[in-house]
Amino acid sequence: MQAEDAFVVAIDGPGGSGKGSLSVNVAQALGFHLLDSGAIYRLLALKAMQQGVDLEQESEVIAVLDDFNIRFEAGDELSIPYLDDRDVAEELRREETGDAASKVARHSAVRKQLLGLQRSFFKPPGLVADGRDMGTVVFPKARFKFFLCASIEIRAQRRYKQLKNMGLSASIAQLQADIAERDERDQNRSASPLTPAEDALIVDSSLLDLSQVTELVLSHIRHGD
Ligand code: C5P
């Protein structure tokens with residue numbers, strides 16, 4: 001594939017819709033780079049919390065970006081996130097980090113400052129970009145746009161299994177309440193709210209397993225529609 005043929009596949013959707021695993025699969029199948037944009041907001045939230053910053057204060061969160069040293073290294077299956085040269089994979093997946101991430105992600109100046117970093121992940125042969133605003137704001141010209149959704153009950157169950165696999169405890173009822181609160185914050189913020197791009201294909205993953213969703217998405221990409 002020529003460098004000028006490189007393209008972006010944007011995969012957006014709420015937490016627990018399965019877009020993270022789907023993005024990993026699609027990137028692997030196509031041999032593309034992967035951007036986990038949620039991890040960037042989580043890393044920022046982690047650093048802000050370490051510094052005792054008030055997450056509601058845009059100017060304080062922006063100041064954290066002055067010295068924001070992150071990188072991703074290839075791991076066995078998933079890539080390993082580093083913050084200031086420290087492996088923070090475990091802290092990053094915690095519920096409280098996701099919650100803090102959705103607070104720092106509300107600030108429009110923060111989102112603006114992170115655009116360049118996110119766009120720098122697009123290199124030949126192409127990129128699978130996973131997030132909330134990949135198809136609407138970060139890569140509005142993405143060749144393929146998918147918006148994944150699933151019922152809140154299914155998303156809470158998936159999250160529960162994920163946390164259990166990581167050896168963390170959780171209650172399904174609490175997870176449902178947390179997901180509902182995070183959805184509300186992500187969908188109703190004024191800066192890049194979570195909403196499907198007009199030209200996105202909406203995929204309901206409630207009744208499909210990961211391999212079925214992956215096949216569906218790959219077949220759309222292969223047929224170019
Ligand atoms: O996808 P993940 O759960 O890791 O994202 C954590 C939070 O980061 C989301 O709840 C959302 O508020 C924010 N986020 C965002 N825009 C993105 C990716 C994540 O606002 N592109």
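The range 125-158 and the range 29-46 have Cα centres separated by 12 Å. Taking θ as phi - 60° and the Karplus parameters 6.51, -1.76 and 1.60, the scalar couplings of the range 190-201 work out to 7, 8, 6, x, 5, 7, x, 5, 4, 9, 8, 8 Hz in sequence order, x denoting glycine and proline. Note on the range 1-147: Kirkwood hydrodynamic radius from all Cα pairs is 15.6 Å, rounded to one decimal. Phi angles of the range 10-21 translate, via the Karplus equation with coefficients 6.51, -1.76, 1.60 and θ = phi - 60°, into HN-Hα couplings of 9, 10, 10, x, x, x, x, 7, x, 5, x, 5 Hz per residue; Gly and Pro are given as x. A cut-off under 11 angstrom between Cβ atoms defines the neighbours of residue 108, and their net charge, with Lys, Arg +1 and Asp, Glu -1, is +3. Could you tell me what percent of the DSSP beta bridges with both partners in the range 7-216 are antiparallel, to the nearest 5? Around 25 percent antiparallel, to the nearest 5. In this label model, residue 166 and residue 57 are separated by 2.9 nm, measuring between points 7 Å along each Cα→Cβ vector.
Proximity of backbone amide H atoms, modeled 1.01 Å from N, is registered between residue 10 and 129, 144, 145, 146 at under 5 Å, excluding neighbours fewer than 5 places apart on the same chain.
FYI, it's all coordinate maths here, none of it is from the lab. Being a predicted model, the structure only gives us computed values, none of them experimental. Heads up, the Cβs are rebuilt from the backbone with ideal geometry, glycines too, and the neighbour counts pull from every protein chain shown.
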